[in-house]
Each structure stands twice: as C-alpha cells, then as structure tokens.
Amino acid sequence: MKKTLPILFFSALLLLFVFSPVFAQSAGPTPSDDEVNAVAKQLFCPVCENTPLDVCPTQACAQWRDLIRLKLTEGWTEDQIKQYFVDQYGARVLSAPPLEGFSWFIYIIPPIFLAAGVYIVFRAFRAMRKPVNAAVQETPVQTPSDDYLRRVEEELKQRK
C-alpha cells in the first residue's frame, strides 16, 4: 500500500498539470459571427475608403474582426470596442460620426435644406395659382394707327 500511494499521488498531480491548461483556456463562450458583424458593421475599414469592416475582404479587416471577436470574448462591450478603434485610428472609422464639435452640421444641415426646398416649391406653386390682377386685364385695346394693319383687321372681321 505504501508504494501505491506515491504512485497515485504523482498520477493525480500529472493529470492535474495535463488538464489544467485546457480549463484555463475556456474563458467564456465564443461570440458568433453575427455578434462580431454587428460590431464590425458600425466601423469602417481604416485602410480601404468607405468600406464597412464587416464586408471588407482585406487581410487587415479579417484581423480586425478577429480582434473584435477576442474583445467580445474578454467581455468588452460594443462601445468599448468602438472606442478602442477610435483611439487607434481616429473617428473616421465610425460609420456614424460622433455628435460633437463640427460633426453636428452633418445632422442639422440636411433637414434645413429640405425645409427650404419645401418652402420654395410651396411658394412657386402659390405664385402659379395666383389670378392675374384685374387692372392688367382691363387695359384698352389699342387700335392700329397704320392703315395697312387697319385694313387687315377689317378683312379678318369680314371673314368671320
């Protein structure tokens, strides 16, 4: 019995060292591609112009999606991940600019132009529907002073 006890102890210790790295690697559930793409859709590729990160085919974007997956596994939120990319590459990586500073104009100017356009079209339609002033309609018809024009007018009246 004395010889089996150290063998069992060393066997248990060996099993503990062999399987402990496996248990240490399982930090949490791996996020799905949909969860990664939900974050990647809100970011633009810093290398390619105007290409969302979720559809960019470059190797760099694949690495950034893997980084997003890693950050989600570590428990980071979407806002923390977006802030990480902003810190690394600037605000140009965001699909929607932040509501601060000069970027407020991006949200304010289109409704202003739309309202001004509606106002201009409304005024144009009102001007088209306005009746002609009565004073302009009652202007007397001037008789032609030229003898030739007078004879043409008379002949036209006789043909009717």
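The values are calculated or read from the model by the stated rules, or taken from the named source; none is laboratory data. In this text the structure is predicted, and so the values were computed from the model without any measurement. Note that each Cβ is placed from the backbone with ideal geometry, even for glycine, and that neighbours are counted across all protein chains shown.
Conditions tested, residue by residue: (1) out of contact with any helix residue (DSSP H, G or I) (no Cβ under 7 Å at 6 or more places or on another chain); (2) of a type in the set (Lys, Arg); (3) more than 17 Å from Val36 (Cβ to Cβ).
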{"position": "Arg65", "(1), (2), (3)": "no, yes, no"}
{"position": "Leu72", "(1), (2), (3)": "no, no, no"}
{"position": "Lys82", "(1), (2), (3)": "yes, yes, no"}
{"position": "Val86", "(1), (2), (3)": "no, no, yes"}
{"position": "Val93", "(1), (2), (3)": "no, no, no"}
{"position": "Pro97", "(1), (2), (3)": "no, no, yes"}
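Could you figure out which of (1) of a type in the set (A, V, I, L, M); (2) modelled with pLDDT of 85 or more; (3) surrounded by fewer than 11 Cβ atoms within 10 Å (Cβ to Cβ) isn't true of Ala62?
Unmet condition: (3).
Kindly list, by first and then second residue, each pair from a residue in the range 75-98 that is in the same structural domain as Leu43 (by TED's automatic domain parsing) to a residue that is of a type in the set (Gly, Ala, Ser) and at pLDDT 85 or above, limited to pairs with Cβ atoms under 8 Å and residues at least 6 apart or on different chains.
Correct list of pairs: Glu78/Ala38.
Just checking, how many residues over the range 88-107 are surrounded by fewer than 10 Cβ atoms within 10 Å (Cβ to Cβ) and assigned to a helix (DSSP H, G or I)?
2
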